[in-house]
Amino acid sequence: MAREFLESFGGRVFALPMTIREPDQVEDFVAKTNQEFGAIDVLVNNAGGQFPQAALDFSPKGWNAVIDTNLNGTWWMMQSAARHWVANKQSGSIVNIVADIWRGMPGIAHTCAARAGVIYLSKSVAVEWAPHDIRVNCVAPGCCESNGFGNYPPEGSATFQDSNPMRHAGDEWDVAEGVVYMAANSGKFVTGEVLNIDGGQQLWGDPWPTGRPDYFRIS
Ligand SMILES: CCCCCCCCCCC/C=C/C(=O)SCCNC(=O)CCNC(=O)[C@H](O)C(C)(C)COP(=O)(O)OP(=O)(O)OC[C@H]1O[C@@H](n2cnc3c(N)ncnc32)[C@H](O)[C@@H]1OP(=O)(O)O
Ligand SMILES: NC(=O)C1=CN([C@@H]2O[C@H](COP(=O)(O)OP(=O)(O)OC[C@H]3O[C@@H](n4cnc5c(N)ncnc54)[C@H](OP(=O)(O)O)[C@@H]3O)[C@@H](O)[C@H]2O)C=CC1
């Protein structure tokens, strides 16, 4: 579907089924993409996800799955792309999709930990990789309507409309346009930054991916 959508604009698309959780698959994907196009201009790490659960109930396997996808997988992609850029003396730009973590994420605490890790990893390598002309930024969406909402129980997704002072969810274009700003020449003096696209969720709102517990009901 994504391939057809992009090709409808005349774009050339290279796609390969893989998981970002396996460093060997990541390296193979990045090497083949380089061969196909000669260079990678921009890496957008959008792959990610989690399941809603009270933190007391996390199993080791569930915790590891979420950390592996959202922190480790993102890192393998960043490192592989950057190694190719440095080896080929090419500049590059990375945009990591994280999340609006600033008031914690009760109900999805594992992903909050992983995304916080990505944010400070990004700030660190934004400095390390600046001499190689590689910029590293993050985009932090609040609740934005996507297929992903289907991963939450109705009592959880119902709270997403109340996640911010605008009292509605964002959409995929809200995020996409922020990514383009960060990745393109418009962001040429921006690195190590996090762009929040959240309708003000960092300031006010009460989303509960597991459904709002009785304790937190005010009326
Ligand atoms: C005031 C601020 C409040 C902040 C709150 C903010 C709320 C914001 C909400 C934002 C809304 C949307 C956010 C999005 O991210 S949309 C993207 C949605 N897409 C996804 O989430 C995809 C989900 N799935 C995955 O990515 C993978 O399935 C996952 C990484 C979760 C697991 O991968 P893997 O294939 O390795 O795992 P398994 O399915 O084999 O499961 C492994 C173990 O994980 C546990 N598990 C898995 N699913 C569940 C579940 N639904 N419930 C409980 N536990 C689960 C379990 O232990 C699995 O092992 P077992 O199967 O052996 O038990
Ligand atoms: N929608 C929202 O409100 C928010 C979303 N986000 C984040 O934004 C990003 C996009 O989410 P969204 O579009 O909403 O949700 P989706 O679930 O629709 O998209 C997640 C994508 O990640 C891919 N993916 C997951 N695990 C892996 C993996 N191990 N290797 C390769 N690809 C993988 C999925 O591929 P496949 O379909 O093949 O499984 C899917 O295409 C995610 O990181 C999400 O957590 C952050 C905050 C809020």
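The values are calculated or read from the model by the stated rules, or taken from the named source; none is laboratory data. In this text the structure is predicted, and so the values were computed from the model without any measurement. As a convention, Cβ positions derive from the backbone with ideal geometry for all residues, glycine included, and neighbour counts pool all protein chains shown.
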Worksheet item: Would it be correct to say that Ala169 is within 12 Å of ligand 2 (Cβ to nearest atom), aliphatic (A, V, I, L, M) and under 22 Å from Phe51 (Cα atoms)?
Response: yes
Worksheet item: Just one of the numbered conditions (1) surrounded by 19 or more Cβ atoms within 10 Å (Cβ to Cβ); (2) near ligand 2 (Cβ under 10 Å from one of its atoms); (3) more than 19 Å from Tyr181 (Cβ to Cβ); (4) under 13 Å from the mean Cα position of the chain (by Cα) is not true of Cys112; which one?
Response: (2)
Worksheet item: Among all residue pairs at least 6 apart or on different chains, which show Cβ distances below 8 Å where the first residue, located in segment 156-170, is in contact (Cβ under 8 Å) with a residue 24 or more places away in the chain and the second is within 9 Å of ligand 2 (Cβ to nearest atom) and hydroxyl-bearing (Ser, Thr, Tyr)?
Response: Ala169/Ser163
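For (1) within 15 Å of ligand 1 (Cβ to nearest atom); (2) of a type outside the set (Gly, Ala, Ser), each residue gets a yes or a no:
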site: Asp133; (1), (2): no, yes
site: Gly142; (1), (2): yes, no
site: Glu145; (1), (2): yes, yes
site: Phe149; (1), (2): yes, yes
Worksheet entry | Residue list for segment 114-153, filter: farther than 21 Å from Leu195 by Cα and at pLDDT 95 or above | Pro131, His132, Tyr152, Pro153
Discussion item. Restricting to segment 80-104, and then to whatever is outside any helix (DSSP H, G or I) and free of Cβ contacts under 8 Å to residues at least 12 places away in the same chain, can you tell me which residue is surrounded by the most Cβ atoms within 10 Å (Cβ to Cβ)?
Written reply: Gly104
Worksheet entry | Options Ala54, Ala47; residue that is in contact with a Gly (Cβ under 8 Å, 6 or more places away or on another chain), within 12 Å of ligand 1 (Cβ to nearest atom) and more than 13 Å from Ala114 (Cβ to Cβ) | Ala54
Practice prompt. Name the single residue, out of those in segment 154-192 being within 13 Å of ligand 1 (Cβ to nearest atom) and outside any helix (DSSP H, G or I), that is surrounded by the most Cβ atoms within 10 Å (Cβ to Cβ).
Written response: Ser163
Worksheet entry | Which numbered condition Ser93 fails, given (1) more than 19 Å from the chain's Cα centre (by Cα); (2) over 28 Å from Asp214 (Cβ atoms); (3) polar (S, T, N, Q) | (1)
